[in-house]
1. If you take just the strands (runs of 3 or more DSSP E) that sit entirely in segment A:228-281, which of them hold at least 2 residues that are among the charged types (D, E, K, R)?
2. Scan segment B:309-328 residue by residue and report those that are surrounded by 24 or more Cβ atoms within 10 Å (Cβ to Cβ) and acidic (Asp, Glu).
3. For segment A:309-320, state whether one or more residues are closer than 17 Å to A:Ser255 by Cβ and in contact with a Phe, Trp or Tyr (Cβ under 7 Å, 6 or more places away or on another chain).
4. Could you tell me which residue of segment B:482-503 is surrounded by the fewest Cβ atoms within 10 Å (Cβ to Cβ), considering only residues that are of a type in the set (Phe, Trp, Tyr) and more than 7 Å from every other protein chain (Cβ to nearest Cβ)?
5. Checking the conditions here, which among A:Gly182, A:Gly254 is modelled with pLDDT under 95 and surrounded by fewer than 18 Cβ atoms within 10 Å (Cβ to Cβ)?
6. Taking segment B:52-74 as the search range and keeping residues that are crowded, with 23+ Cβ neighbours inside 10 Å and not aliphatic (A, V, I, L, M), which one is nearest to B:Asn270 (Cα to Cα)?
7. With the condition kept exactly as written, say whether any residue in segment B:472-479 is out of contact with any helix residue (DSSP H, G or I) (no Cβ under 7 Å at 6 or more places or on another chain), within 21 Å of B:Ser307 (Cα to Cα), crowded, with 21+ Cβ neighbours inside 10 Å and not aromatic (Phe, Trp, Tyr).
8. Just to verify a result, which residue in segment B:180-196, among those that are without any contact (Cβ under 8 Å) to a residue 60 or more places away in the chain and either charged (D, E, K, R) or touching a Cys at 6+ places or on another chain (Cβ under 6 Å) (or both), is surrounded by the fewest Cβ atoms within 10 Å (Cβ to Cβ)?
Amino acid sequence: MRWTLIIAAATPLMLASPAMAQTDPPAMQMPGPTSPPQTHAPNAAEDEGEPDHAQMDHGPMDHGAVDPDAMDADATDAGAMDHSQMDHSQMDHGAAAEAVGDEPAPAAPSDYAAERFYSAEEMAAARRQLRREHGGAIVSNLMADIAEFQLGDDETRFHWEGEGWIGGDINRFVLKTEGEAGEDDVESAEVQALYSRAIGPYFDLQAGVRYDIEPSPHRAYAVLGFEGVAPYWFETTGALFVSDQGEVSARLEGSYDARLTQRLILQPRAEINVSADDVAERAMGSGLTDVELGLRLRYDITRNVSPYIGVSYETKLGDTADYARAAGEDESDARFVAGVRARF
Amino acid sequence: MFSRRRLLHGAGALSAGLVAARALPAWAQTHAHGLAPTLPTLRGEEIALNVARMHLNVDGRAGHAIGVNGTAPAPLIRLREGQNVRLTVNNALDEETSIHWHGLILPFQMDGVPGVSFPGIRAGESFTYEFPVRQSGTYWYHSHSGLQEQEGHYGPIVIDPAGHDPIAYDREHVIVLSDFSFLHPHTIFARLKQEPGHFNMQRETILGALSGRDPPLADQMEWAAMRMDPTDISDVTGSTYTFLINGHGPADNWTGLFQPGERVRLRFINAAAMTIFNVRIPGLPFTIVQADGQNVKPVTVDEFQISVAETYDVIVEPREDRAFTLVAEAVDRSGMGRATLAPRAGMSADVPPLRARPRATMRDMGMDMSGMTMAWPGAEQSSGDMAGMDHGNMDMGNMDMGGMDMGGMDMSMRNPENAPQVTMGPGVQTIAPMPVDRMGERGQGLEDVAHRVLVYTDLEALEANPDMRTPTRSLELHLTGNMERFMWSFDGERFSEVTEPIPFRRDERVRVTLVNDSMMAHPIHLHGHFFELLTGPEGKRPRKHTVNVLPGGKVTFDLTADAPGDWAFHCHMLYHMHAGMFRVVTVRPLDETRA
């Protein structure tokens, strides 16, 4: 049972992994045909630095395949080109008649021209800054996705879910928190501290720790999860948790922004929790433990401040529902919610 | 009877007007009488520029800006071909600054890019640029430090030819187009990273589909399936930008004067951080006479698209005694810059409404095959319609295209085999499977307008190209990005992770092809050089310093690497560059004797 659940929880991770499988082919030029170089031969110094010809191997480029370059010539250079000749040199230019040479690129120099005029030390510092300012920026984000009052039959509760991150494009530090407070006390509160790494255009892999401040007894967990955007722009998050007591559980969340107008957005949202273990002291059965479904209608006053109203339905399932019934609690609960989504 | 409130309002407007007047250089002040070549401005061999923080008044609201000599945009620098110039830049900011002379041919150590050409100008220090002026035409200058360009740190340069100017005109106006935000540029950048489409307030909606204003939901879902937004035309839009003409907002209505019957030369410079403009003057055709400072054979159009960092000089000949509205419409139609040409101050003409926002097409994904005689089930020939196509996996394996075997060709949107040199990582969202040369195509949103629109293939150099050798090698570079993560790069690598420059041999001639694998346009600028676009008659090809590569398209140019040194090479969309779409180009050897 436990392993089935682990596999189930890990499936989204595996689905995300093809993005990780990235090929990293060597840099390759596309040399033209074999017309002799027209100008000066590279001098000896340049020869030394010439790229290895193996790097220009046409092997990876399937000549059996149609070259898109040659094909669009059809559109731009009608008639001037023999289409049966699918040579890579047949670039689609009006001037296809001239034969561009196939000299290799020179080796990249190792010196910095500006150091002839300015202090090497100052230039080195300026280069470090240049890198930071051209792709190396550190950015942060702090977002309360849900901060809402939930109006039920018996009491009003406050529910929150928020996330912050700081870092570059690939590596980030992520903090997540969510929880629920009744009128008298905080019923549940968890915090996750995660290292997040971009593993594809749309998905991040996340690993770290989770700590439940409430309920008692406290728990600490190891977390392995993912976060990203699935096709159709479904925001998805999934995580596998292993507690300090060895209990294994998983959570899958998804939401979708249905844009009614530029500013009025209807957001269905779902969260599913599963547990591999029966944890009596936390009133959690094994198997599917609970499902939370929400529908929230928000208005973007700006993209950073969006008040909303909606409904939230939560139901405990299986053994977890039995625990709830035994404790005299409702196993399911529908609530009206009102809150604000905010980016700081 | 005057209310006290109205009086106060009037006084406020008056003082705001005075502030604005002080903050703008003479050439940019409204009711400018035009710049006769003899008008005083910053000129001569010794020019002093002081870079400092200031307030810029835009449509009655004051924002933070960086100005030069107390003005934003910065003063016009007017030079003459053949002179020498010493420009001493004093940095009165509390941060580093720099000035890059955009389009000027000069020694690399004077090019003004911190970390490439020099160390930058530290706070409180000054730096003297000194170089001979070897060219003529319309250019500009701007900061190459941080994101200062967004804050107003840019100005025009006009260089008069040493000899006879082949362009005849009675009067001229410099028209500096730009975008201004009351948000700090670092905030804009953070928003782009935090939330894709943050500034796009023109998305397709469900109500839009139901009312028929937007395409049907099924069509919208096709795009959603690909995690692509066809309305993502500009990253930063009129939702935060006010579009400026000579530092004036649309309500400020900068006005340039003319006498009916005059030939008026308008020197357009797109100094915007992120905005491509579509420019027109309803009722007045443009005769394009110069592009990027290089004279071209006159070509008459009704509208032209000017990408970021490009310049166009045009001649207009207003004959009627009336006002004309100059419209610089943002490419995504989220707003416009507006100015007036009029015989007298205080006149205005109708301002046309914003036209419908363009929508990206299959062509913008580098997937349009309408140029070929083929069809597949469900596909429509119109490039804008994607109904019925399965984009997830467009397997064309068994398709016979008039004898051409398509076996092995993969039309998926992110196939590394379609760009083997690209490092595939999180920063690469798409690889255009079939990028086409789009130099003969109108820019986004102008495909269907009913009047004449300039395209690159209309351009033909007036003077013979200086170097007509056939290139000895070719070089392909891919413009890559991920709109979801706001990552931008060349060949999949942001500058921060690149270890080597792009090397050229001195004086070699190279055929460079830029392939745009992304769905955004990229104005690519090479410092220190002009290159010849591969269009037009041989020897008369248009020479440019910045070329706009349309989404899913490609551009080819021939470059003579005749300027030894290290040079910046980058996308001129400021936040694309800041995100990593930047490279250093080296030209070696540095010493002539070693060549």
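The values are calculated or read from the model by the stated rules, or taken from the named source; none is laboratory data. Keep in mind that what you see is a predicted model, and the values were worked out from it rather than measured. Here the Cβ positions follow ideal geometry from the backbone for every residue, glycine too, while neighbour counts run over all protein chains shown.
1. Passing ranges, in order: A:248-256, A:264-275.
2. Passing the criteria: B:Glu310, B:Asp313.
3. Yes, segment A:309-320 contains a residue that is closer than 17 Å to A:Ser255 by Cβ and in contact with a Phe, Trp or Tyr (Cβ under 7 Å, 6 or more places away or on another chain).
4. At the first step, the residues of segment B:482-503 found to be of a type in the set (Phe, Trp, Tyr) are B:486, B:488, B:490, B:495.
Now narrow it down to the ones that are more than 7 Å from every other protein chain (Cβ to nearest Cβ): B:486, B:488, B:490.
Numbers: B:Phe486: 25, B:Trp488: 30, B:Phe490: 27.
Only one residue tops the list, namely B:Phe486.
5. A:Gly182
6. Out of the qualifying residues, it is B:Pro73.
7. Pass one, segment B:472-479, residues out of contact with any helix residue (DSSP H, G or I) (no Cβ under 7 Å at 6 or more places or on another chain): B:472-479.
Imposing the further condition that a residue be within 21 Å of B:Ser307 (Cα to Cα) reduces the set to B:477-479.
Among the residues that remain, those that are also crowded, with 21+ Cβ neighbours inside 10 Å are: B:478-479.
If we keep only those that are not aromatic (Phe, Trp, Tyr) too, we end up with B:478-479.
Scanning segment B:472-479, I find at least one residue that is out of contact with any helix residue (DSSP H, G or I) (no Cβ under 7 Å at 6 or more places or on another chain), within 21 Å of B:Ser307 (Cα to Cα), crowded, with 21+ Cβ neighbours inside 10 Å and not aromatic (Phe, Trp, Tyr), so the answer is yes.
8. B:Glu195
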